[in-house]
Amino acid sequence: MFSAFYDALYLNFVKDDRWHYLTNGLKVTLIVTLFSALMGVVLGFVVAIIRSTYENTGRMKIANKLCGLYLTVIRGTPVVVQLMIIYFVIFASVRIDKTLTAIIAFGINSGAYQAEIFRSGINSVPKGQFEAGRSLGFNYGQTMVHIIMPQAFRVVVPTLCNEYITLLKETSVAGYIALEDLTKGGDIIRSRTYSAFLPLIAVALIYLIMVLALTKLVSVLERRLSRGTRR
Amino acid sequence: MAQEDRAQGDVLIRVEHLVKQFDGHIVLNDISTEIDRGDVVCVIGPSGSGKSTFLRCLNRLETPDGGHIYVYDDVDGDIRHGIDICDKTTDIDTHRQRMGMVFQQFNLFPHMTIMKNLTIAPMKLQKKTQEEAESYASELLSRVGLSDRASSYPGELSGGQQQRIAIVRALCMRPQIMLFDEPTSALDPEMVGEVLSVMKDLAEEKMTMVVVTHEMGFAREVANRVMFLDGGDFVEEGEPETFFSHPKSDRLKNFLGKVL
């Protein structure tokens with residue numbers, strides 16, 4: 001009984017150094033998640049600023065239209081489809097690195113969701129705060145930077161972290177462009193050993209541990225921030 | 001270049017044919033008046049009469065749909081140069097630095113300490129050093145009796161204290177006029193007095209003030225002019241004594257009959 005289990009463990013993870021598929025895959029998953037989150041933060045922030053500037057002042061009409069289109073298309077289609085379009089259509093003729101392709105695809109995707117999170121954060125700050133800033137003589141940009149953003153940021157952090165947790169799990173579809181991420185790594189082991197249970201359970205466990213750690217981090221952060229606000 | 005005008009005497013703000021409408025509904029209907037240096041003008045009227053809108057037009061928090069608001073803050077001998085702040089080309093931010101505003105809901109910045117609330121605008125906008133800004137803020141804080149709250153956050157203060165801080169925040173910019181938008185309406189009754197007394201002190205120091213209020217006692221005691229707005233019309237104005245004792249128009253008589 002136990003020897004059968006050890007045999008299975010040996011076959012799936014030790015023989016031919018198969019555990020490398022998991023560790024290398026994990027590395028790819030983490031790199032893709034980290035950099036697409038970063039790209040998404042920048043993209044989302046810019047889009048949110050454009051959208052709320054238009055809502056508040058009526059300026060940047062065309063940019064706002066473009067942002068609206070971006071949000072509609074990205075949030076209205078599956079991320080796998082976006083990933084494949086970027087890899088097989090947009091970069092069809094230039095064979096660029098798969099990791100980079102995945103970062104761009106997930107970054108563009110996450111940017112749309114983060115934009116809406118930022119925007120809801122900005123909108124959650126009472127209008128009176130904006131008027132108080134303006135009445136002191138701050139211009140629109142200064143009011144945003146000194147008064148609105150710091151308050152919006154506190155509201156947004158927990159939601160933003162949840163978006164990163166979602167993103168981490170969503171990158172598991174990167175195998176569609178044959179990128180060897182964590183999920184794909186487990187899948188490769190399965191195809192070599194013809195046993196599905198152990199490699200897939202191992203993959204699931206690794207995701208779960210990472211998500212639990214991140215969730216813990218969010219709750220600590222959340223407590224810190226609420227202590228700082230003292231409303 | 002913004003439209004200019006010249007005037008003599010003590011006029012600080014001249015409002016000419018001010019019109020404001022929201023979605024076709026006329027809120028301010030051809031309002032004209034003058035506010036002199038040192039005036040304490042109380043604006044009263046039923047709710048929805050346009051008095052807050054009138055006040056908010058004075059620093060363009062609401063954009064007027066018609067008319068002119070000349071601010072004469074550039075003194076050159078006897079001649080004052082007025083700039084029309086309704087003109088889109090006028091740099092409104094510079095003007096707002098010299099017009100303090102106090103809101104019904106205080107609108108202190110909740111993420112900053114009281115001291116930071118008071119010093120951020122002078123430091124960022126008037127390039128004051130931290131010492132300059134803090135020493136002036138401390139001086140004003142002690143005058144409203146809140147020196148010990150400098151390192152508190154707004155959320156830790158009572159409504160009355162917050163509103164006194166809001167007045168000080170506006171004063172830290174050394175404005176030449178203060179606009180008050182129902183400053184005591186959101187306060188518990190026992191806190192109204194402390195805020196009104198700060199405003200009274202300000203009036204005694206000859207600060208020019210425009211106060212939208214429901215406090216008839218304050219209007220009567222402190223104002224040198226009372227304006228009555230009703231349905232967007234500027235119905236009547238006068239010195240408080242005659243205004244309250246001998247109202248001329250029926251609309252004012254009717255209103256006073258309800259509130260006094």
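The values are calculated or read from the model by the stated rules, or taken from the named source; none is laboratory data. Treat the numbers as computed from the prediction; the structure is a model and nothing was measured. Neighbour counts run over all protein chains shown; Cβ positions are idealised from the backbone, glycine included. Surface areas here come from the heavy atoms of the whole protein model, side chains and all, with no ligands, DNA or RNA. Shrake-Rupley method; radii C 1.70, N 1.55, O 1.52, S 1.80 Å.
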Exercise for review: With a cut-off of at most 15 other beta carbons within 10 Å, and DSSP calling the residue loop, which trypsin sites (Lys or Arg not before Pro) in the stretch A:64-136 qualify? Please list them.
Suggested key: A:ARG95
Review point. Can you give the Rg to Rh ratio for the stretch B:98-252, taking only C-alpha atoms and Rh from Kirkwood?
Key: 1.02
Review point. Considering the alpha-carbon set of the stretch B:22-164 alone, what are its Rg and its Dmax in angstrom?
Key: 18.0, 50
Exercise for review: Taking the Cβ of A:THR143 as the centre, find all other residues whose Cβ is under 12 Å away and add up their charges (Lys, Arg: +1; Asp, Glu: -1).
Suggested key: +2
Exercise for review: Indicate, rounded to the nearest 5 percent, the antiparallel portion of the DSSP beta bridges found entirely in the protein assembly as shown.
Suggested key: 65
Review point. For B:106-114, what's the mean count of beta carbons from other chains sitting within 10 Å of each residue's beta carbon?
Key: 5
Review point. Roughly how many Å is it from the Cα centre of the stretch B:218-260 to that of the stretch A:160-231, as a whole number?
Key: 69
Review point. Roughly to the nearest percent, how much of the accessible area of the stretch A:1-125 is carbon and sulfur, given a 1.4 Å probe?
Key: 71
Review point. Total Å² of accessible surface buried at the A-B contact, 1.4 Å probe, nearest 100?
Key: 2000
Exercise for review: Restrict the search to the stretch A:164-231; then list the GluC sites (Glu not before Pro) that DSSP places in a loop and that have at most 10 other Cβ atoms within 10 Å of their Cβ.
Suggested key: none
Point to revise | Neighbourhood charge, 12 Å Cβ-Cβ cut-off, centred on B:GLN161 and excluding it, Lys, Arg +1 and Asp, Glu -1 | key: -2
Exercise for review: Compare A:VAL94, A:VAL32, A:VAL46 in a GNM of chain A, Cα atoms joined below 10 Å, and give the one with the largest fluctuation.
Suggested key: A:VAL94
Check your understanding: Scanning chain B for trypsin sites (Lys or Arg not before Pro) in DSSP loops with at most 13 other Cβ atoms within 10 Å, what's the longest stretch left with none?
Key -> B:1-87
Practice item. Before rounding to the nearest 500, sum -39500 (n - 2.57) across all DSSP H runs of length at least 4 in chain B and divide by the residue total; then give [θ] at 222 nm in deg cm²/dmol. Key: -10500 deg cm²/dmol
Review point. Tell me, what is a quarter of the convex hull surface for the C-alpha atoms of the stretch A:25-151, in nm² with one decimal?
Key: 9.1
Study note, to complete from the structure: GNM of chain B, Cα pairs under 10 angstrom: of B:ASP84, B:ASP93, B:ASP36, the biggest fluctuation goes to B:ASP93
Check your understanding: Tell me, what is the Rg over Rh of the stretch A:2-230, with Rh the Kirkwood radius over Cα pairs?
Key -> 1.09
Check your understanding: To the nearest whole number, what is the average tally of beta carbon atoms from other chains within 10 Å of the beta carbons of peptide A:137-146?
Key -> 4
Practice item. At q = 0.07, 0.12, 0.16 Å⁻¹, what is the base-10 log of I(q)/I(0) for chain B according to the Debye formula with one equal point scatterer per Cα and no solvent? Please give it to two decimals. Key: -0.24, -0.73, -1.27
Study note, to complete from the structure: Computed, not fitted: 222 nm per-residue ellipticity of chain A from DSSP H runs ≥ 4 (each -39500 (n - 2.57)), nearest 500, equal to -26000 deg cm²/dmol
Check your understanding: Per residue, how much accessible area does the stretch A:99-231 show when a 1.4 Å probe rolls over the protein heavy atoms, in square angstrom?
Key -> 45
Revision key, fill the gap. In degrees, nearest 10, the alpha-carbon axis of helix A:19-57 is tilted away from the dominant principal axis of the alpha carbons of chain A by 20
Point to revise | HN-Hα J in Hz across the stretch A:208-217 - Karplus 6.51, -1.76, 1.60, θ = phi - 60°, x for Gly and Pro | key: 4, 4, 5, 5, 4, 4, 5, 4, 4, 4
Check your understanding: Hey, any idea what % of the stretch B:119-260's accessible area is carbon plus sulfur with a 1.4 Å probe?
Key -> 46
Practice item. Sticking to Cα atoms, compute the Rg of the protein assembly as shown to one decimal and its Dmax as the biggest Cα-Cα distance, whole number, in Å. Key: 31.0, 106
Study note, to complete from the structure: Around A:ILE209 (Cβ within 15 Å, Cβ-to-Cβ, excluding A:ILE209; K/R +1, D/E -1) the net charge comes to +2
